[in-house]
Amino acid sequence: MDTLFEQVRRDAQALREQLVAWRRDLHRHPELGFEEKRTARIVADHLKALGLSVQEGIAQTGVVGLLEGTHPGPTVLLRFDMDALPIEEENDAPYRSEHPGRMHACGHDGHVTIGLGTATLLNRYRDHLHGRVKFVFQPAEEGMGGASRMVEEGVLEHPRPDMAFGLHLWTDLPTGKVAAQAGPFMAAAGFFSVDVVGRGGHGAQPHLTVDPLVTAAQIVTALQTIVSRNANPLDTLVVTVGELHAGTAFNVIPAQAILRGTVRAFDMNTMQMAHARLRSLAEGIAQAHGARADVRTEVISPPVVNDERAVTIVREAVRRIVGEEGIVTIDPIMASEDMAEFLTRVPGCFYFVGARNEAKGIVYGHHHPCFDIDEDALPIGVGVMTATALLAGERNKG
Ligand SMILES: [Zn+2]
Ligand SMILES: [Zn+2]
């Protein structure tokens, strides 16, 4: 098998120019969630040109391609997300976004590119492939529920995958490093809003009002006790109030205050506990002040939890493509990823491919207007994903 993986590494590197061209074209034309029409067209055309059977329009703009290997074996799902963000790009690169207010600021242009490259190579190695590979190009990862829409529309059936893999280019990690580890890797994300309803009036006559602003302020303070007093100190939990809106004038007591925030945790019991506590704190404090709190909580994404066997496969792929020094372990991330929707239903691994390069000035975090990726990470991503699919087919064949 060793010579095959040497060939994968060489072929991925030889594809570099094509990968950079794809990525820059996609970067110039970013599309927001569920609007990835041009991107989906490029993906579908390429997969069809390779001879894959292709389904389009899943979850509006999602594309699925099926590649049959020569040998019998399992179905391996590879997922690549496609959407951009509503951010004005501040980079001065020749491949800068041509669309004001839209930008590939998370690297999903690179993910689509890696998907196209991986399909190209795996198609070339069909005679070495056990089972089949289901390429899933997903819309709307950025908090819009693209993954769950694809699941609802049957992406995990006909054929049902036995294992699932996804990757994220990651600028907190230098190019050449890959983080794949078992267990909780990215947090579950929740959303909450609290509408505090009081009774407005003149700022000089507070006794005739029910001030929702004072109540909201106490709720914000009280919510801090969920982490410090309610969560098990050995658990990880974040409760953040990110929005607080009230009032229109300095001398008016408003009728309403609105706060919104997010809960992050690595297990759903902790998340449910936090949601229950924030509801009773908000409702109780509002009631104590003669106001009312309308609380809404919602789970946006479950946690990304990686399967031990799938992690072993990715690490083996990194070893073959990059070398032992490419494998790193990092602290789990409190951000969320809707790859979790696939991984709660199919065992698999979501991993980070380093794309930071200090020498090139590629140091900005995800969602920053100066975000960029080191394009040297593209052939690494293609090589590792290709090797992962080959190994997963081989390991699960019987
Ligand atoms: Zn993002
Ligand atoms: Zn992302």
Which net charge results when you count Lys and Arg as +1 and Asp and Glu as -1 among the other residues whose beta-carbon is under 15 Å from that of residue 164? -2
Can you give the Rg and Dmax of region 252-367 based on its C-alpha atoms, in angstrom? 21.0, 67
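Given contacts defined as C-alpha pairs under 8 Å and at least six residues apart, what's the relative contact order of region 239-384, whole-number percent? List each step's numbers first, then the result.
Values: 143 pairs, mean separation 25.1, N = 146.
Contact order relative to length: 17 percent.
Can you name the helices of the chain, as whole DSSP H runs, whose Cα span along the helix axis is 15 Å or more and whose Kyte-Doolittle mean is not below 0.0? Kindly include the intermediate steps, with their values, before the conclusion.
On the way: long enough: 2-14 (18 Å, -0.98); 16-28 (18 Å, -1.46); 37-50 (20 Å, -0.18); 108-124 (24 Å, 0.04); 212-225 (20 Å, 1.09); 268-288 (30 Å, -0.06); 308-321 (20 Å, -0.04); 377-395 (26 Å, 1.12).
Counting only whole DSSP H runs, the qualifying helices are 108-124, 212-225, 377-395.
Once you have the alpha carbon radius of gyration of the chain, what is it after dividing by 2.2 N^0.38 Å, with N set to its residue count? The partial results should precede the final answer.
Details: Rg = 23.6 Å, N = 398, 2.2 N^0.38 = 21.4 Å.
Normalised by 2.2 N^0.38 Å, the Cα Rg of the chain equals 1.10.
List the relative contact order of the chain as a percent without decimals, with contacts defined as Cα pairs under 8 Å and 6+ residues apart. Don't skip to the end; give the middle numbers.
Working: 940 pairs, mean separation 96.9, N = 398.
For the chain, the relative contact order is 24 percent.
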Select from 197, 155, 246 the residue farthest towards the positive end of the dipole of the chain; place +1 on Cβ of Lys and Arg, -1 on Cβ of Asp and Glu, and compute about the Cα centre. 155
Binned Cα-Cα distances of region 351-398, short to long, each 5 Å bin given as a whole percent: 5, 20, 19, 18, 13, 9, 7, 6, 3, 1
Listed by chain and number, the lysines with an alpha carbon less than 25 angstrom from that of residue 397, same-chain partners under 8 positions apart left out, are 134
Return the Rg/Rh value of region 51-166, two decimal places, where both radii are evaluated on C-alpha atoms and Rh is the Kirkwood radius. 1.03
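I need 370, 106, 349 ordered by Cβ neighbour count within 10 Å, fewest first. Can you show the working numbers first?
Values: 370 14, 106 24, 349 29.
Fewest to most other Cβ atoms nearby, the residues stand as 370, 106, 349.
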Selected from 369, 100, 379 as most flexible by GNM, with the chain as the system and alpha-carbon contacts under 10 Å: 100
So who's got an amide H within less than 5 Å of the one on residue 176, skipping anything under 5 residues away but keeping other chains? H placed 1.01 Å off N, in plane. 354
Where Rh is the Kirkwood radius over the Cα pairs of region 253-320, the temperature 10 °C and the viscosity 1.306 mPa s, what D in µm²/s does Stokes-Einstein return? 103
About its Cα centre, how strong a charge dipole does the chain have in debye, to the nearest 20, once Lys and Arg get +1 and Asp and Glu get -1 at the Cβ? 520
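Since every read-out is calculated from the coordinates, none of them should be taken as a lab result. From a predicted model like this one, the values you see are computed outputs, not experimental measurements. Here the Cβ is made from the backbone with ideal geometry for all residues, glycine too, and neighbour counts use every protein chain on show.
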